[in-house]
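Could you have a look at this structure, given as structure tokens, before my questions?
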Amino acid sequence: MGNSQGPYSPRAGFLRLILTMLAVAMPGCGRETVTDRDKRHPQDESTGDVSSARTVPGRTKTNHEMDPAIIIAERQISFLDVAWERGLKYEWPQQPRPMTALHAFGAGCAAFDGDNDGWQDVLLVCDPYPKLFQNINGASFKDVTQASGLTAVDGDWTGCAMGDYNGDGLLDVLLTGYHRLALYKNTGGLRFEVATEEAGLDPLNAGHWGSSAGFMDLDGDQWLDLVILNYVVFGPESKQYCEHSPGVLSGCNPRVTYPPERGEIWRNTGSGRFEPVPQSQGMDATHGMALVLAFIDLDDDGRIDFYIGNDGTPAELMHNLGDMRFENIAKWAGVAEADRGVAAAMGADWADYDLDGIQDLVISDWEGKGSTLFQGMG
């Protein structure tokens, strides 16, 4: 493993992931429908369990035995968009034409209980500051942005993370952005105050294009540490537009146009401040152009590992070795690339989809490429 910080011997029982499949029914997208699949792999209606063409006659497979190439939902799942009628009202402003890579970059959001009333509030990341909506007893949302204090710092914001970094029982907010970083301390009642420099962080994010972030206790000291993901080197001197077809200018493909930036790990000192962890302790073995982050304890050793999904470069799986040292084992674990090659990860999450007691990984890819499911093999 060329990206390792030291020798690595896969231990028995360490979670290895292999690519299985993901079937998504999307009308009009040329994908196979649920009806089409059911005709070839009918369900056993007497049990409701998922069956497959490889099932032994007269016997229905359990979840952990089922063919990983066949996943059929037992019931149809549908969702209704009620955001506007419930008070979650926001319209993304029209972007300039032609757009640069920065204008084309998306933004994140989060659902979190910011006032400890038991209801999930909503933060929408947008420019020049985020929008905060208070959940009113699960019935509606109220825009409380102006009173929240989250308008204190303007910026081209892209991502967010929620965590109680100072241990006072209130969830704080971190915003990442283009040459911007803001840590807002929760003072109660959905009120926040800027604590970026007070916490040892750089409001300019050291000139990096921050894409996303996450709070997690990585060293087991009961204090939430911080992982900040960065994207590419882009500025006024960078190439702004590319001609994608004769006479048509738009933002350039970042993967082939701009140098990648790598993420950073910040250790929580327990005194309300963060200190940088040297890149040599793992993050210099990443590919950069990071977009998404997903934490998990892969090998049940009590140390939290994490997955990083990148924009068109091989993904990372950072195995926690202890003492804030990490080893990138994505290639060995089978998650560096999808079956169709390198993914442009737009989202990632861990869950045990087949109920075999082993965590699996799903990532969403770029528009038109669907999603990829990695099955954990134990």
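Would you list the strands (runs of 3 or more DSSP E) that sit entirely within the stretch 82-173 and hold 3 or more residues that are within 30 Å of Gly270 (Cα to Cα)?
109-112, 121-124, 131-136, 157-163
Moving on. Inspect all residues belonging to the stretch 242-252 and state whether any of them is closer than 22 Å to Leu175 by Cα and in contact with a helix residue (DSSP H, G or I) (Cβ under 9 Å, 6 or more places away or on another chain).
no
Out of all the residues in the stretch 250-295, which are assigned to a loop (DSSP other than H, G, I, E, B), more than 18 Å from Tyr178 (Cβ to Cβ) and touching a Lys or Arg at 6+ places or on another chain (Cβ under 7 Å)?
Within the stretch 250-295, Val277, Gly282, Thr286 meet the criteria.
Only one of Gln279, Gln240 is under 27 Å from Thr100 (Cβ atoms), open to solvent by 30 Å² or more (accessible area, probe 1.4 Å) and either under 16 Å from the mean Cα position of the chain (by Cα) or not charged (D, E, K, R) (or both); which?
The conditions single out Gln240.
Further, regarding this structure: Within the stretch 182-218, work out how many residues are outside any loop (DSSP other than H, G, I, E, B) and either more than 20 Å from Gly114 (Cα to Cα) or charged (D, E, K, R) (or both).
Selection size over the stretch 182-218: 9.
Still on this structure, I have one more. Taking the stretch 193-230 as the region of interest, how many residues are touching an Asp or Glu at 6+ places or on another chain (Cβ under 8 Å) and either at pLDDT below 95 or open to solvent by 10 Å² or more (accessible area, probe 1.4 Å) (or both)?
Result for the stretch 193-230: 9.
Would you be able to say whether some residue in the stretch 250-264 is touching a residue at least 12 places away in the same chain (Cβ under 8 Å) and either among the aliphatic types (A, V, I, L, M) or farther than 29 Å from Thr100 by Cα (or both)?
no
Counting just the residues of the stretch 335-365 that are among the small types (Gly, Ala, Ser) and under 16 Å from Gln375 (Cα atoms), which one comes out surrounded by the most Cβ atoms within 10 Å (Cβ to Cβ)?
The selected residue is Ala348.
The values are calculated or read from the model by the stated rules, or taken from the named source; none is laboratory data. Given the structure is predicted, the values throughout are model-derived calculations rather than measurements. Neighbour counts run over all protein chains shown; Cβ positions are idealised from the backbone, glycine included. Please note that ligands, DNA and RNA were not included when accessible areas were found on the heavy atoms of the full protein model with its side chains. Shrake-Rupley method; radii C 1.70, N 1.55, O 1.52, S 1.80 Å.
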